[in-house]
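See structure below.
The values are calculated or read from the model by the stated rules, or taken from the named source; none is laboratory data. Just so you know, these numbers come straight off a predicted model, no measurement behind them. Here Cβ is always computed from backbone atoms with ideal geometry, including for glycine, and neighbour counts include all displayed protein chains.
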Amino acid sequence: MSAERREVERQLERMREGAVDFIGEEELAGRLERALGEGRPLRVKLGMDPSSPDLHLGHAVVLEKLRIFQELGHTPIFLIGDFTARIGDPSGKKKTRPPLGDKEVTANAATYVSQVAKMLDADAAEIRFNSEWMDAMTPQDFVRLCSHTTVSRLLERDDFSKRYAAQTPIAVHEFLYPFVQAYDSVALEADVELGGTDQTFNLLMGREIQRAYGKAPQAVITHPLLVGTDGHEKMSKSLGNSIALLDPPEEIYGKIMSISDALLPDYVAMLPIPRNEELLSASKAVVSGAGDPLALKHELARRVVERFYDAGSSEGAADHFRRVVQERGKPTEVAQYEYSLAGAETVSLLDLVDHLGLAGSRGELRRLVSQGAVSVDDERVSDPLLALGAGSYLLKLGRRRFAQVQIG
């Protein structure tokens, strides 16, 4: 075997790591060999819609594969789907997803580049927006694009077929989403597209549409979906079960400590952390019932925080967890906030927390109150509309979030 062929096999092996499907591998092997001979990098696409301002550990699973491609010398393309976000990705949805407005999309996308920079060298990557070509597309162009597949083909998609069988409405604009995602691969001349298993239909559409436009079809590599902290649904900010890349170290550490023992093997296998033999052995021992799941959670939490911050932050987060959660104490430092009543006599706890951004959503605060997990000055709160007047209050949300708020 030639040295060039050995390098192709080495790279393909790295590409297979953690993947569920690798569609078009044989085609890619030939393309990779030619690219190496020409000194040309492959173009590797990963798209994410800015449907919320936070990327989370579920996104990090596939971002890690994009990082590996960059490490192998290829061109990573991080595509921000500012156009597709206005349609709303129907993947895995049981009902029509509300499209986002331009202002919301722009605000959500604002921090994506800095978050992606936690995973790969953003300066050496292509950061693109699909509005670049979709906003310029004429109605005639769009009709041509949509002529390349049939309604029956679209209804083969699992989520559409289930909704159609259940007589749940499917809006016409939802059918457009896979066309736009597929055309992105044409515009970017993608050699490879990455995604979660819920994106398989859209990724395969990319191969079809590339052929229709006279392009070589991209290879498709899918990865499993990371289950969220609730232990049931895929990780999603809207479901309140996510661990955001921008969460403070203490929050990341505490959320990982909260997951069920059953999730540990998948988290160890899927998260972008160093995995040595000791960690893998500890994970196998937990699966067999002979291990220590609490110790494994601590080690996993430590490695994740260190991956996205540093060793000092990891040690501090572990100390915070021990003191605040295990010993039920208060953190050494509590974030300080101020709120102006602006002439009003009181503000509801719900409005205060929402204004200060102390909870992911108003719904999350209501859930925490119903679970008895919110206190004001060490008094448990039973009503999210509790009125607070001028004064200083220590708020505690859940087991780990503290805030000292001065209302005036």
May I ask you to list the residues in region 371-408 that are closer than 18 Å to PRO248 by Cβ and among the basic types (Lys, Arg)? LYS396, ARG399, ARG400, ARG401
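Select from region 229-266 the residues that are part of a helix (DSSP H, G or I) and basic (Lys, Arg) and write down the one among them that is surrounded by the most Cβ atoms within 10 Å (Cβ to Cβ).
Quick first cut of region 229-266, residues part of a helix (DSSP H, G or I) only: 237-239, 249-258, 261-266.
Subsequent filtering for residues that are basic (Lys, Arg) retains 237, 255.
Details: LYS237: 19, LYS255: 21.
Once the filter is applied, the top-ranked residue is LYS255.
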Residues satisfying the stated conditions in region 30-70, i.e. touching a Lys or Arg at 6+ places or on another chain (Cβ under 9 Å) and either free of Cβ contacts under 8 Å to residues at least 24 places away in the same chain or at positive phi (or both): ARG34, ARG40
Answer yes or no as to whether LEU145 is within 25 Å of the chain's Cα centre (by Cα) and either not in a loop (DSSP other than H, G, I, E, B) or not basic (Lys, Arg) (or both). no
Can ASP377 be described as of a type outside the set (A, V, I, L, M, F, W, C), out of contact with any helix residue (DSSP H, G or I) (no Cβ under 8 Å at 6 or more places or on another chain) and surrounded by 14 or more Cβ atoms within 10 Å (Cβ to Cβ)? no
Candidate set from region 208-240 (those that are among the basic types (Lys, Arg) and touching a strand residue (DSSP E or B) at 6+ places or on another chain (Cβ under 7 Å)); member that is farthest from PRO178 (Cα to Cα): LYS237
Counting only residues that are out of contact with any Gly (no Cβ under 6 Å at 6 or more places or on another chain), farther than 30 Å from VAL334 by Cα and hydrophobic (A, V, I, L, M, F, W, C), how many does region 283-322 have? 3
Candidates VAL113, VAL180, filtered to the one that is hydrophobic (A, V, I, L, M, F, W, C), in a helix (DSSP H, G or I) and in contact with a strand residue (DSSP E or B) (Cβ under 9 Å, 6 or more places away or on another chain): VAL113
Every pair of residues 6+ apart whose Cβ atoms lie under 7 Å, when the first sits in region 317-345 and is of a type in the set (A, V, I, L, M, F, W, C) while the second is part of a loop (DSSP other than H, G, I, E, B) and at pLDDT 80 or above: LEU341/ALA390; LEU341/GLY408
Say whether the condition of being over 22 Å from LEU246 (Cα atoms), surrounded by fewer than 11 Cβ atoms within 10 Å (Cβ to Cβ) and at pLDDT 90 or above is met by at least one residue in region 349-359. no
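Just checking, how many residues over region 267-296 are in contact with a Leu (Cβ under 7 Å, 6 or more places away or on another chain) and under 24 Å from GLU17 (Cβ atoms)? Full working, then the answer.
Restricting attention to region 267-296, the residues satisfying the condition of being in contact with a Leu (Cβ under 7 Å, 6 or more places away or on another chain) are 267-268, 270-271, 282-283, 286, 293, 296.
Retained after the next criterion (residues that are under 24 Å from GLU17 (Cβ atoms)): 267-268, 270-271, 282-283, 286, 296.
Count: 8.
How many of the residues in region 273-290 are hydroxyl-bearing (Ser, Thr, Tyr) and either at pLDDT below 90 or not in a helix (DSSP H, G or I) (or both)? Break it down into steps so the answer makes sense when it comes.
In the first step, residues of region 273-290 are kept if they are hydroxyl-bearing (Ser, Thr, Tyr); the result is 281, 283, 288.
Applying the additional criterion that residues be either at pLDDT below 90 or not in a helix (DSSP H, G or I) (or both) yields none.
Count: 0.
For region 149-164, which positions are more than 27 Å from the chain's Cα centre (by Cα) and assigned to a loop (DSSP other than H, G, I, E, B)? I'd like the intermediate steps shown before the answer.
To start, the set of residues in region 149-164 that are more than 27 Å from the chain's Cα centre (by Cα) comprises 149-153, 164.
The answer is THR149, THR150.
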Please work out if ASP310 is within 19 Å of LYS255 (Cβ to Cβ), exposed (fewer than 15 other Cβ atoms within 10 Å of the Cβ), at pLDDT 90 or above and of a type outside the set (Ser, Thr, Tyr). yes
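For region 306-351, give me each residue that is over 30 Å from PRO384 (Cα atoms) and not in a helix (DSSP H, G or I). Step through it out loud before you land on a result.
First, the residues of region 306-351 that are over 30 Å from PRO384 (Cα atoms): 306-316, 318-319.
Within region 306-351, TYR309, ASP310 qualify.
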Answer yes if at least one residue in region 187-197 is farther than 17 Å from MET48 by Cα and charged (D, E, K, R), and no otherwise. yes
